Amino acid sequence: MEQQQATANLSESPTLIDVEQAEAAIVEHYPRLVRLAYLVLPPGVGRTRRVLAAHALAQRALPRNRVNSAGTRTDTGPGLPGQRGSQGGPEGAAGDGGYAFVRLRVLRGALRAARRRRGPLAPALPRVWGLRLVPRQGGADELALDKALSELSGPGRAAYVLRELEQLDDPEVREVLKAAGVVDPRGALIEVDEMDGPAGSRDGALLESAEFDACSLQARPTDLMRRRQHVRAALAAAAALVVCGTLLGLPGEGWGPSGAAAPSYARNPSSERALDPAELTRAEPGVWRTATRADFSSWPARGDRTDDTPLLRRALAVWARPGRSVHVSATPGTQSGPPSGPPQLLYAGEVDQVAVVLLYDGLRVVRYAETGRGDGGAVALDFARTDAADAAGSTALVATRADGNVRYLTAPWVRRPSVRDLVRPDEAPRPLRLAPDGVTDPVRAGGAGLVPGSGRPPECESWTALRLGSRLVTDLGEIVPARLTYGAPGGFGRGGGPLDVAGAEARAAWAHTACRLPLLHSRGVREVNAWRFAAQRLPEGGGAADWVCTRAETWRGAGDRVLAQFQPPARDPGAPAAIVASVDGSPDCGPRAPRVLAGALWKSRTGRWYLLAAGSSQVTAVAARGDVRGAAAGRLLTLPAEAGDQTRLIGRLMGGGRLTALR
């Protein structure tokens with residue numbers, strides 16, 4: 001009651017504030033004033049700017065003349081309530097007219113900055129060069145509170161801080177907000193009442209944490225490379241003007257020599273050699289015939305623009321420093337940084353009215369594509385990982401992809417390419433015309449019109465693959481097409497392994513598997529193998545079903561995907577098989593673990609349900625646990641079941657090991 005009375009008396013009579021008294025209040029309560037300003041300032045401007053602005057507002061709270069507690073010069077006016085000293089505030093602040101006055105000045109400045117959309121948050125001082133100053137990182141509750149405060153308006157944040165940090169009653173909060181120039185103090189309090197904050201946000205404990213302490217700071221350097229660039233630019237102003245005019249483009253000139261590349265950060269002999277078109281390496285036209293390695297390194301430079309120095313310069317510059325307007329994509333696990341040395345030129349030419357440059361640095365193939373003639377058109381930069389590529393993995397590259405059609409750049413040893421529809425295994429492949437520079441005619445993209453990654457297309461009428469000699473490849477949305485193979489995986493040290501897709505059995509398996517290839521789209525896939533690991537007679541005279549395991553190996557060696565498919569008898573040879581399991585990162589069905597076990601629920605023509613399971617040749621017995629229980633010797637299992645039954649399958653291997661089913 002005494003404290004409330006003291007506050008009321010303070011509100012009824014003005015208090016004259018000397019400059020010395022205001023200065024003493026700032027010095028004594030400086031950390032709290034800075035904290036208050038930091039909390040009220042808009043969070044979206046960045047923590048470093050908020051810190052500096054909060055200090056500037058606290059220091060600028062010192063008046064120039066004698067004023068009263070309402071912030072006006074010696075005119076009379078209402079006083080303002082002080083901060084509650086009993087709630088962890090600064091000792092002696094309750095009833096301190098000097099503190100109430102400078103707090104009001106800080107609050108006015110913070111609210112003014114919150115309303116300002118452009119320009120600096122606070123006066124010019126203090127300033128820090130070469131360092132980023134930020135408060136210490138808080139916990140999850142502090143971060144949640146900071147996010148909740150960012151969703152409030154400036155007056156809402158001020159009301160919250162006055163209520164929870166300063167421990168003022170709602171009438172006192174409204175009085176301070178009104179004095180600070182807030183038009184609707186009641187609306188600000190309503191906004192605070194509706195705020196969804198974390199636990200502890202209503203007792204001021206979180207506001208006292210280090211997360212919001214703009215006086216206890218951590219220092220970090222700014223962008224060192226950019227600072228170096230700025231210093232050099234200041235020392236060589238004339239040269240910087242020429243460079244900026246070139247990079248930004250002068251009126252009527254379009255792009256500079258670097259095209260859509262961003263400004264250069266550093267200059268050194270190695271990086272400059274890597275960006276010099278004259279330093280590009282080029283394989284001799286016939287070296288692939290005698291090379292010990294038949295891979296991309298033996299491809300000659302082809303295309304009608306291999307001597308177009310401006311085009312090559314733009315391609316190299318954009319590779320090293322892609323600007324904001326460049327569309328950049330990279331297969332998973334592929335670095336998109338600049339080349340470590342001069343790369344090899346594979347192709348430079350015009351394809352479908354698009355200038356295409358294909359480069360190779362021993363680990364990656366990079367495709368640069370631009371529309372127009374270097375005058376500001378669209379630019380795309382694509383990266384694909386190709387380390388450890390062999391003759392089988394370097395048969396073709398995607399030159400362009402447009403309107404559901406793909407043009408390939410084939411290897412120099414490819415002579416008569418053809419196109420095969422995987423969904424129609426009985427159809428003969430169609431010849432494909434090859435230009436003298438190695439670029440094919442347009443080929444309908446595999447599964448054009450299907451949704452990548454859906455795995456359950458509403459209709460799959462065809463899936464095109466490119467036959468290059470004995471090898472079959474297909475487009476999965478990346479620069480390097482994926483090779484398709486068929487057969488049992490060969491274990492390490494055993495030899496053997498999958499072979500090229502040839503023969504009726506291999507084509508039949510891929511006819512049922514092709515429409516599931518969208519599940520492997522844009523995953524950096526190097527090779528996809530289909531393996532018919534078991535055949536099973538269905539109960540009630542349902543015919544014979546095939547079990548197929550499809551494994552996608554990636555260029556990066558991780559992220560492999562395994563699909564187990566069940567294919568009951570079907571009149572349509574291209575009917576998609578049912579996917580009964582999909583696993584990422586499993587060694588099953590691959591060279592490390594050339595074995596597999598899978599199961600499925602199947603409904604007969606009479607409406608009865610059965611649990612079916614099949615394993616590869618290494619499985620000697622199969623057991624079921626769960627809603628359906630049973631076991632059988634050998635690698636096949638058939639048990640009566642009900643729709644929706646959940647079952648765990650376990651297989652026993654030769655030698656006594658165990659194998660769980662793919663799920």
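A compact table of results
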| read-out | value |
| --- | --- |
| Residue that is nearest to Arg321 (Cα to Cα), among those in the stretch 373-409 that are assigned to a strand (DSSP E or B) and among the hydroxyl-bearing types (Ser, Thr, Tyr) | Thr400 |
| Meets criteria (in a loop (DSSP other than H, G, I, E, B) and closer than 14 Å to Ala110 by Cβ) for Val161 | no |
| Single match in Thr410, Thr386 (criterion: within 24 Å of the chain's Cα centre (by Cα), of a type in the set (Ser, Thr, Tyr) and under 25 Å from Ala530 (Cα atoms)) | Thr386 |
| Single unsatisfied condition, Glu370 versus (1) open to solvent by 20 Å² or more (accessible area, probe 1.4 Å); (2) part of a strand (DSSP E or B); (3) among the acidic types (Asp, Glu) | (1) |
| Filter pass, Thr638 being in a loop (DSSP other than H, G, I, E, B), among the β-branched types (Val, Ile, Thr), open to solvent by 20 Å² or more (accessible area, probe 1.4 Å) and in contact with a helix residue (DSSP H, G or I) (Cβ under 9 Å, 6 or more places away or on another chain) | no |
| Residue match in the stretch 608-618 (condition: in contact with a Gly (Cβ under 8 Å, 6 or more places away or on another chain) and modelled with pLDDT under 95) | no |
| Entirely in the stretch 1-107, the helices (runs of 4 or more DSSP H) that have 1 or more residues that are at pLDDT 70 or above, under 29 Å from Leu149 (Cα atoms) and out of contact with any Asp or Glu (no Cβ under 9 Å at 6 or more places or on another chain) | 19-28, 30-40, 47-59 |
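Residues are listed down the side, and each one gets a yes or a no for (1) under 16 Å from Leu611 (Cα atoms); (2) in contact with a strand residue (DSSP E or B) (Cβ under 9 Å, 6 or more places away or on another chain):
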| position | (1), (2) |
| --- | --- |
| Thr513 | no, yes |
| Pro518 | no, no |
| Val525 | no, yes |
| Val528 | no, yes |
| Trp531 | no, yes |
| Gln536 | yes, yes |
| Gly542 | yes, yes |
| Trp547 | yes, yes |
| Glu553 | no, yes |
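A quick yes/no check of all residues on (1) under 25 Å from Gly376 (Cβ atoms); (2) open to solvent by 50 Å² or more (accessible area, probe 1.4 Å); (3) free of Cβ contacts under 8 Å to residues at least 60 places away in the same chain:
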site: Asp295; (1), (2), (3): no, no, no
site: Ser298; (1), (2), (3): no, no, no
site: Ala301; (1), (2), (3): no, no, yes
site: Asp304; (1), (2), (3): yes, yes, no
site: Asp308; (1), (2), (3): yes, no, yes
site: Ser329; (1), (2), (3): yes, no, yes
site: Pro338; (1), (2), (3): yes, yes, no
site: Leu345; (1), (2), (3): yes, no, no
site: Ala355; (1), (2), (3): yes, no, yes
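The values are calculated or read from the model by the stated rules, or taken from the named source; none is laboratory data. From a predicted model like this one, the values you see are computed outputs, not experimental measurements. We place every Cβ from the backbone using ideal geometry, glycine too, and count neighbours over all the protein chains shown. For accessibility, only protein heavy atoms count, side chains too; no ligands or nucleic acids. Shrake-Rupley method; radii C 1.70, N 1.55, O 1.52, S 1.80 Å.
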